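Values in this text are rule-based calculations from the coordinates and carry no lab data. Small disclaimer: the values here were computed from a predicted structure and weren't measured. Heads up, the Cβs are rebuilt from the backbone with ideal geometry, glycines too, and the neighbour counts pull from every protein chain shown.
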Protein chains: 2
Amino acid sequence: MKVTVLTGGVGGAKLVLGLLRVLPAADVTAIVNTGDDFRHLGLHVSPDIDTLLYTLSGKANREQGWGRADESWSFLETLRDLGGPDWFQLGDRDLALHVLRTTRLANGDGLDAITADLAVRFGIGATILPMANALVATRLETDEGLLDFQHYFVARRCVPQVSRIRFDGADTALPAPGVLAAIASADAVVIAPSNPFLSIDPLLAVPGIRSALALTKAPVVAVSPIIAGRAVKGPTAKLMEELGIRLANASIAAHYADFIDGLVINQGDDAPDGIAIAQTATLMRDDDDKARVAQAALDLATSLSCQ
Amino acid sequence: MKVTVLTGGVGGAKLVLGLLRVLPAADVTAIVNTGDDFRHLGLHVSPDIDTLLYTLSGKANREQGWGRADESWSFLETLRDLGGPDWFQLGDRDLALHVLRTTRLANGDGLDAITADLAVRFGIGATILPMANALVATRLETDEGLLDFQHYFVARRCVPQVSRIRFDGADTALPAPGVLAAIASADAVVIAPSNPFLSIDPLLAVPGIRSALALTKAPVVAVSPIIAGRAVKGPTAKLMEELGIRLANASIAAHYADFIDGLVINQGDDAPDGIAIAQTATLMRDDDDKARVAQAALDLATSLSCQ
């Protein structure tokens, strides 16, 4: 069963890890949000790709929720001493990834080829594709003006009130090589429980991806990021309120209505009408949780493809 | 007594530290070789400026002879794991300097302004000037072909036979702002015991510097890098042999003949004719040695300016 998963951020990475516990790695393709990518200190940082690389290779810092487990901070300490910007946490080991990626981009390599090579280096058997090779920048219109994603998310800790989310550059971006084929040829497509507005919408804004999802014969199932009327973490709940969207599974189903066939929701939560539903405890604390949620998504997809 | 010193590398940095032991910091200006500067992994590295910053701020690794004392190596370790180039040793703290400098250069700041700010951050009271803001690249014609300096020096450990040394870009480079004035207005100019061919010649290749040395009314004294017929360290001896130059103080005097008025040589070594000589033990092991050699150079200069 070949599965393609659309993902961004920590929650998404957990689900992809779950998929790799229940499927052969060669059958899993992850298409990753790069709307969070940005240039910092001249370095190209791809936060969601890195989170996935670290999570799938067992190098993620689970307590912290970002970065590497075996990190050291001499660089940032010295940068601070020298008066450099220290608002974005760059660990010494993390930095190696950014420097290497930036060097290769400067040499003309595509983000897709670089990401594929990094995945191999990290011993990851799954295919990891950036949504696009071109830069697509998630920007937020807020009560503090137009903010770059990392400025909003890290420097301002999601405090500003968001009125609109933009994906600058998306309209002229092409899906990275392999992205549309991975959707079209999959036996099932899974939308990870990532923030729909910040992590999945950038993917959908790249021309061709949304219609590929709508057109694929394979079942498309989303895992809802809402648990017991709350978002697990991050700015999802605050953001939905600011955008005037009710914090409910029905809102997630409506948001993805034009292409999903099923929705995995948390056990016991309100199920929206008009869509196939699977229920399981969707909070992913340990690897067994991740495998169980992934299996629930696959089972739902299988049931839908048999219809 | 305002003193300007031309320097490059570890030996030169030791002498500058000695000058700061015997003079008020505000009276010392160091003009530094940037012919060793290169781009590595997209980062602008200025080895001789960094050696001087680390040495003068007490952060240099004295055992190792390069880099910082309090260094960590997580970045390089990870870079190696990821298949990146690890031939050039980039410590985590050292990296902060390179990233900051590169970012500021990309923003249009000059190497002179960046270096001045870094010196302040490192608590250094002396003025540190790069020889030029434009890139001048020391390259070596060898039996292995034309090699960039760092490739020859670090990657190939000075093994290739050198037939000629080039300073690409020097003919169109301008001395950095303040360089010519620092020579013209000094009460004494000192040429540090750096490698004359690799560390001082790049400075002399920048149009205007050699003639400023020849024209200044102040005495110009060099400290010979040769001790008891040997070079203290580095490729000086091997290089001089390959270039057909006798390893003797007379060769140093001849090399600088058009602008030096005096030469400090090691106690008891052969003194060349036709030039004012001062003798002291020139091997600089500890800070007292450095102060003594610096004082010998200043005393020689003073005696010459009284004539």
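At what distance in nm do the modelled label points of A:ALA25 and A:MET1 sit from each other, each positioned 7 Å from its Cα along Cα→Cβ? About 2.1 nm separates the two model spin labels.
Positive contributions from Lys and Arg (+1) and negative ones from Asp and Glu (-1), summed over other residues with Cβ under 14 Å from the Cβ of A:ARG62, come out at 0. How large is Rg/Rh for the range B:5-124, to two decimals, with Cα atoms and a Kirkwood Rh? Across the range B:5-124, the Cα-based Rg/Rh ratio is 0.97. Computed extension length for A:GLN161-A:ASP273: 37.2 nm, one decimal, from 0.36 nm per residue of separation with the Cα-Cα distance subtracted.
Helix A:111-121 and the longest principal axis of the Cα set of chain A meet at an angle near 90°.
Pick out which of A:PRO160, A:PRO85, A:PRO47 has the largest mean-square fluctuation in a Gaussian network model of chain A, springs linking Cα atoms closer than 10 Å. Of the options given, A:PRO85 has the highest mean-square fluctuation.
For the protein assembly as shown, report the convex hull volume of the alpha-carbon atoms normalised per residue, in Å³, without decimals. Before the final figure, lay out the partial values.
Details: hull volume 93.7 nm³, N = 614.
Taking the convex hull of the Cα positions in the protein assembly as shown, it is 153 Å³ per residue.
Among B:ILE128, B:GLY169, B:LEU82, whose Cα projects farthest towards the positive end of the dipole of the range B:53-187, with charges put on the beta-carbon of Lys, Arg (+1) and Asp, Glu (-1)? The one lying farthest along the dipole's positive direction is B:ILE128. Here the sum of -39500 (n - 2.57) over DSSP H runs of 4 or more residues, divided by the residues of the protein assembly as shown, equals -10500 deg cm²/dmol at 222 nm, to the nearest 500. Inter-label distance, B:ALA106 to A:ALA214: 3.8 nm, where each label sits 7 Å from its Cα along the C-beta direction. Length, then width, then depth: along the principal axes, the Cα atoms of the range B:251-307 run 32, 26, 17 Å.
With the biggest extent put first, the Cα atoms of the range A:208-249 measure 34, 20, 16 Å across the principal axes.
DSSP beta bridges confined to chain B are antiparallel in about 40 percent of cases. Take the Cα coordinates of chain B, assign each an equal point scatterer, and use the Debye formula without solvent to give log10 I(q)/I(0) at q = 0.07, 0.13, 0.15 Å⁻¹. Calculated log10 I(q)/I(0) at the listed q: -0.25, -0.90, -1.22. Summing +1 for each Lys or Arg and -1 for each Asp or Glu among the other residues whose beta-carbon sits under 9 angstrom from that of B:PRO47 gives -4. For the range B:163-215, the spherically averaged projection of the C-alpha convex hull amounts to 4.1 nm².
Assuming charge only on the beta carbon of Lys and Arg (+1) and of Asp and Glu (-1), the dipole of the range A:1-160 about its Cα centre is about 440 debye to the nearest 20.
Across B:ALA228, B:ALA184, B:ALA132, mean-square fluctuation computed from a Gaussian network of chain B (C-alpha pairs under 10 Å connected) peaks at B:ALA228.
Counting only the Cα atoms, the range A:51-207 fills a convex hull of 148 Å³ per residue. Please work out the C-alpha center-to-center distance from the range A:184-237 to the range A:39-95 and express it in whole Å. Computed from Cα coordinates, the inter-centre distance equals 26 Å.
Against the main long axis of the alpha-carbon atoms of chain A, helix A:287-305 sits at an angle near 50°. The label point for A:ARG230 and the one for B:SER57, both projected 7 Å from the Cα toward the Cβ, are 4.5 nm apart.
Comparing mean-square fluctuations of B:LEU41, B:LEU263, B:LEU239 from a GNM of chain B with C-alpha springs under 10 Å, the top value falls on B:LEU41.
If you bin all the Cα-Cα distances of the range B:148-307 at 5 Å, starting from zero, the percentages per bin are 2, 9, 17, 20, 19, 17, 12, 4, 1, 0. For A:LYS233, the lysines whose Cα falls under 22 Å of its own Cα, not counting residues fewer than eight places away in the same chain, are A:LYS14, A:LYS59, A:LYS290. Partner shielding of A:55-68 amounts to 0, given as the average count of beta-carbon atoms from other chains within 10 Å of each residue beta-carbon. Angle of helix B:92-106 to the longest C-alpha principal axis of chain B, folded into 0 to 90 degrees and rounded to 10: 90°. Please work out the FRET efficiency for the pair A:HIS40 and B:SER303, using the Cβ-Cβ distance as r and a Förster radius of 45 Å; give the result to the nearest 0.05. About 0.25, to the nearest 0.05. Net charge dipole, the range A:189-307: roughly 180 debye, given to the nearest 20, about the Cα centre with Cβ charges of +1 for Lys and Arg and -1 for Asp and Glu.
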